[in-house]
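So the structure is just underneath, and the comments pick up after that.
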Amino acid sequence: MPTYGGDEVNAVVLDVGSTWTRAGFAGEDLPRGYFPSHVGRVADTYHVGDTESSIWRADMETLGVMEDGVVKDWDVLERLWEHSMKHLHATASEHPLLVSEAAWSSSEQRGRSAELAFEKLGSPAFYTCKAPVMAAFGTGKHTALVLDVGGENSSASAVFEGFNLAKSVCHQQLGGEHVSRQLLDRLKTDYSYEPTPLFDIKHKAAVEIRKPPSITRQGRQATGSFMCEMRLRLMLEFKEAVCEVLDRPLRPGQTTSKPPKPFEFPDGFNIAAGPDLRYSGPELLFNPSQLDRSPDQDKLAGVHELVVKSIMACDIDLRPHLLNSIVLAGGSTLFPGFADRLSLALQEMCPGSRVKLHSPSSDMERKTSAWLGGSILASLGTFHQLWISKAEYEEHGAAIVDKKCH
């Protein structure tokens, strides 16, 4: 059997999340590809990538790949993998493939990933790794509590000596897209405003603050799924420019001494965002009871509570080490003030314990920490024995995945 590892191999590492896909080569510091995981489809034609998926086309639906952190649409996943290879100018049959998976991914899901890699892409070797393990490695940790807050999900999971502890996994459907949807609802309710995406703007004129936009539309009819996706992408920009997490719980109607923050949407509508927008959105991550539309909000926990629940599921001797090594991953942990609020909340919940948070130094590294961990793992000389070769897969079938991928 051929071996893969170290300098002998140029493995491809893919980390497909609910909102973003990261693709690149093992041993590199950042992924070469970073594009939306939502794709466009007209009839049987798929449009993948940042530009292709955002160009208006009549009757184009926007499709997601994940639901509750696991793959729901394997056709979309196949297109994302194919686009990744094309973006990297890589021939799939010449590169071993390492992919991430949710900590709660099932054996069936892992088997289907292997089937896609070997039978559709023609990969020579394959490995699937738990995302928390990859995120921990990406931050230089072999033992850590990984809090990952992405687009659709938040999860907390303990990693011990490079292994994901299944009993510690806590996850829920609460993430950055819920923040975006709530902010869109607030804009509609309190400001009588719905953003017009760029594809439908022909001309615009400057308007005074909080005045309705003055635009000439293209008159392009879009599907509901495409319009929703374009508005969510607008809200990504809004959140990055405006939103923050306060160091203490935000009460409804509360004011702060911090000044409003100006923001102008692509259609010319501009506001000075006060507490109702700046802080109330990210507050949901710590206080899901303030979520406007969720039938299951009573079952949701703040991210700090998720961390403690995960730690308490571990052996008592391990708990102090995990509290002292909390790794932040996912784009929704990047709100200014998030880390400080989390640290204070954990200190209040775990008095007398030492709490220490770890995260990559740059925003992009935190958004791609799981990918970076996979890049590190797949480039290690000792990793070659872990690859599942095509011959092994053909001999043992999908059962080999659970045996070799821990």
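In this structure, is residue 129 in contact with a strand residue (DSSP E or B) (Cβ under 9 Å, 6 or more places away or on another chain), in the same structural domain as residue 316 (by TED's automatic domain parsing), touching a residue at least 40 places away in the same chain (Cβ under 8 Å) and hydrophobic (A, V, I, L, M, F, W, C)? When the stated conditions are applied, residue 129 does not pass them. Of the residues that make up segment 162-184, is at least one of a type outside the set (A, V, I, L, M, F, W, C), assigned by TED's automatic domain parsing to the domain that holds residue 342, in contact with a His (Cβ under 8 Å, 6 or more places away or on another chain) and outside any strand (DSSP E or B)? Yes: segment 162-184 contains one or more residues that are of a type outside the set (A, V, I, L, M, F, W, C), assigned by TED's automatic domain parsing to the domain that holds residue 342, in contact with a His (Cβ under 8 Å, 6 or more places away or on another chain) and outside any strand (DSSP E or B). Checked against (1) out of contact with any strand residue (DSSP E or B) (no Cβ under 9 Å at 6 or more places or on another chain); (2) more than 20 Å from residue 63 (Cβ to Cβ); (3) charged (D, E, K, R), residue 208 passes all but condition (1).
One line per residue, one yes/no per condition, for (1) touching a strand residue (DSSP E or B) at 6+ places or on another chain (Cβ under 9 Å); (2) more than 24 Å from residue 147 (Cβ to Cβ):
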{"position": "74", "(1), (2)": "no, yes"}
{"position": "80", "(1), (2)": "yes, yes"}
{"position": "101", "(1), (2)": "yes, no"}
{"position": "104", "(1), (2)": "yes, no"}
{"position": "111", "(1), (2)": "no, yes"}
{"position": "115", "(1), (2)": "no, yes"}
{"position": "119", "(1), (2)": "no, yes"}
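For residue 310, the test of being part of a helix (DSSP H, G or I) and closer than 21 Å to residue 248 by Cβ is failed. In summary, residue 335 fulfils each of the numbered conditions (1) exposed (fewer than 13 other Cβ atoms within 10 Å of the Cβ); (2) out of contact with any strand residue (DSSP E or B) (no Cβ under 8 Å at 6 or more places or on another chain); (3) outside any helix (DSSP H, G or I) with the single exception of condition (1). Just one of 42, 133, 70 is surrounded by 21 or more Cβ atoms within 10 Å (Cβ to Cβ) and of a type in the set (Val, Ile, Thr); which is it? One residue alone meets the criteria, 133.
The values are calculated or read from the model by the stated rules, or taken from the named source; none is laboratory data. Note that the coordinates shown come from a computational prediction; the quantities given were computed from them, not determined experimentally. Cβ: placed from backbone, ideal geometry, glycine included. Neighbour counts: every protein chain shown.
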